[in-house]
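A quick write-up on the structure given underneath.
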Amino acid sequence: MKTMSLSLCLLVTLSATTWAGNWHAAGSLQCGDCHLQHSSDSRNPTTEGPYSILLKKNSINELCLSCHDGTNATSPDVLDPVVMYNSTPSQASAAGFFITLAVANQHGHSLGVPTIVPLQGASRSMELNCSSCHASHGNGNYRNLVEDPAGTGASISVVEGVNVYEKVAPDNPPTAGGSTVAFSRDNIGYASGLSAWCSACHDQLATNNTATTPAHFNSHPSSVALNAFPAPGHTDAAHWVSGTGEGFAGVGGIPRIPFQAPTATTFVTATTPQMTNEVSCMSCHKGHGSSNAKGLLWPYLEGGDASLSACQQCHNK
Ligand code: HEC
Ligand code: HEC
Ligand code: HEC
Ligand code: HEC
Ligand code: HEC
Ligand code: HEC
């Protein structure tokens with residue numbers, strides 16, 4: 001009875017506001033995706049609960065991955081191997097992918113493994129699940145990113161149409177083709193916000209006394225423009241804008257890495273190379289993980305021809 005009235009309350013609250021373009025959020029939150037409605041539902045009780053809070057699976061990671069593991073064609077796949085983006089130019093999603101649950105990931109975030117949070121001032125152990133970063137019932141943020149990931153009482157906004165831009169919205173109701181296009185890396189342009197969001201947990205990289213910008217390898221600078229310093233600075237902004245030569249083409253060249261365009265107001269302005277573009281966490285790391293060490297976008301720690309490609313796109317040394 002308690003659960004029932006809670007659900008009703010929540011349903012009313014959740015229906016009160018609609019966040020455009022968001023899934024699993026008011027307007028598109030389908031309780032039955034994750035909760036059993038009645039125990040009389042036709043279901044296989046060995047695979048679908050009910051578990052605590054009437055969830056269909058025994059843990060949040062298992063619940064979310066029951067759709068997001070590549071078995072459901074309309075759900076963006078976040079678990080290695082990922083093939084759904086093979087038809088897109090970048091052949092990747094914006095966030096990349098995790099590896100098997102409860103296995104320590106050397107290539108990005110680990111799920112369900114208690115670990116010390118690296119690059120965080122206060123030593124803290126944490127076991128990540130999808131809800132550590134995404135609000136299960138949605139919120140006003142891009143990808144429903146939680147407003148207070150480190151639990152410090154912060155309220156961090158990363159809003160679509162303000163901080164992040166999408167070229168096309170996913171289909172509603174979702175389709176396989178629509179999700180492939182909408183969640184591919186090519187569909188996302190960044191203006192601001194995500195570096196601050198990541199720095200909530202990795203606070204030694206925040207713009208503060210422990211990491212005054214610019215401060216590569218004291219810690220890497222983020223949210224600093226390529227032309228922030230007069231020539232000859234550390235960076236080569238003209239090389240970055242031209243998009244040819246070192247880092248981009250020839251042996252070890254890789255596609256232009258993501259960047260922030262702080263004054264962007266549209267997808268086009270957020271993805272047009274300019275000297276005022278800024279380096280951000282997303283320039284170098286995938287939000288979930290990648291096939292490279294530390295979830296990097298290129299094989300920096302592995303060595304080889306491409307090991308300095310991203311550095312060269314901005315620095316051209
Ligand atoms: C029943 C299948 C299903 C389950 C279970 C499920 N999802 Fe999803 N999820 C989807 C689909 C389908 C989409 C794509 C919707 C669209 O096209 O916009 C999606 C989209 C998302 C997005 C992108 C949202 C946006 O607005 O851009 C996030 C983040 C997400 N899911 C996280 C989760 C988390 C966290 C859980 C577990 C608490 C979860 N999902 C459980 C099917 C599911
Ligand atoms: C994408 C998956 C997903 C969908 C869709 C979803 N829930 Fe939940 N719900 C969860 C998860 C996961 C939890 C566990 C708490 C947490 O960590 O978010 C939860 C917890 C709850 C709780 C108990 C805790 C609380 O927050 O009060 C209630 C009640 C609830 N959900 C009701 C609903 C209702 C009503 C809907 C439909 C309007 C809904 N949920 C849709 C995943 C989902
Ligand atoms: C909720 C807290 C939290 C947030 C938010 C967070 N991280 Fe992490 N991060 C962790 C924890 C815990 C670990 C250590 C365990 C692991 O490897 O998953 C970690 C590890 C990492 C690692 C090392 C991975 C490896 O292979 O050793 C990188 C890189 C990283 N995070 C980057 C980011 C970036 C970029 C963002 C923003 C998109 C971010 N983190 C947001 C908690 C967080
Ligand atoms: C450490 C934080 C973190 C954790 C844990 C996390 N996500 Fe994400 N997720 C992000 C960020 C950040 C983005 C947006 C990345 C971008 O746009 O560059 C994202 C994007 C997504 C997307 C959009 C598609 C894509 O690949 O870009 C989906 C779907 C999603 N997450 C689902 C999940 C599910 C399901 C889980 C649990 C299995 C999960 N996430 C765990 C941080 C996280
Ligand atoms: C997206 C562009 C971008 C990428 C990629 C990038 N940098 Fe930087 N880097 C910058 C900016 C912007 C600054 C700050 C401005 C300056 O110092 O001239 C900077 C500063 C530096 C500095 C000077 C730090 C200081 O404290 O003065 C070094 C060293 C450096 N980067 C090395 C690297 C290396 C090594 C890589 C590859 C692992 C790399 N950068 C990748 C843009 C980038
Ligand atoms: C210019 C590229 C670049 C940028 C920008 C960048 N990183 Fe990194 N990051 C790296 C590289 C390279 C490594 C691995 C080598 C190292 O630890 O120095 C790394 C390592 C890490 C680690 C793992 C440290 C450990 O001890 O395992 C975390 C966590 C991390 N970065 C988070 C972030 C966050 C959060 C941001 C944004 C605030 C960010 N990085 C911005 C290149 C970058």
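Read-outs throughout are calculated quantities, based only on the coordinates presented, and are distinct from any laboratory measurement. Remember, predicted model here, so these are calculated numbers, not experimental data. Quick reminder, even Gly has a Cβ in these numbers, built from the backbone with ideal geometry, and neighbours come from all protein chains shown.
So which residues in the stretch 284-317 are part of a loop (DSSP other than H, G, I, E, B), touching a residue at least 60 places away in the same chain (Cβ under 8 Å), over 17 Å from His239 (Cβ atoms) and not polar (S, T, N, Q), if there are any at all? Within the stretch 284-317, Lys286, Gly287, His288 meet the criteria. Among what's in the stretch 279-317 and is in contact with a strand residue (DSSP E or B) (Cβ under 8 Å, 6 or more places away or on another chain) and farther than 18 Å from Arg185 by Cα, pick the residue that is nearest to ligand 4 (Cβ to nearest atom). Residue satisfying both the conditions and the ranking: Lys294. Every condition in (1) within 16 Å of ligand 3 (Cβ to nearest atom); (2) more than 30 Å from Val168 (Cβ to Cβ) is met by Ser290 except one, and the failing one is (2).
If you go through the stretch 104-129 one residue at a time, how many are among the β-branched types (Val, Ile, Thr) and surrounded by fewer than 12 Cβ atoms within 10 Å (Cβ to Cβ)?
So in the stretch 104-129, the residues among the β-branched types (Val, Ile, Thr) come out as 113, 115-117.
Filter once more, keeping what is surrounded by fewer than 12 Cβ atoms within 10 Å (Cβ to Cβ): 116.
Total satisfying the criteria: 1.
For the stretch 164-189, enumerate the residues that are touching a Gly at 6+ places or on another chain (Cβ under 8 Å) and in contact (Cβ under 8 Å) with a residue 24 or more places away in the chain. Within the stretch 164-189, Val164, Tyr165, Glu166, Lys167, Ala169, Pro170 qualify.
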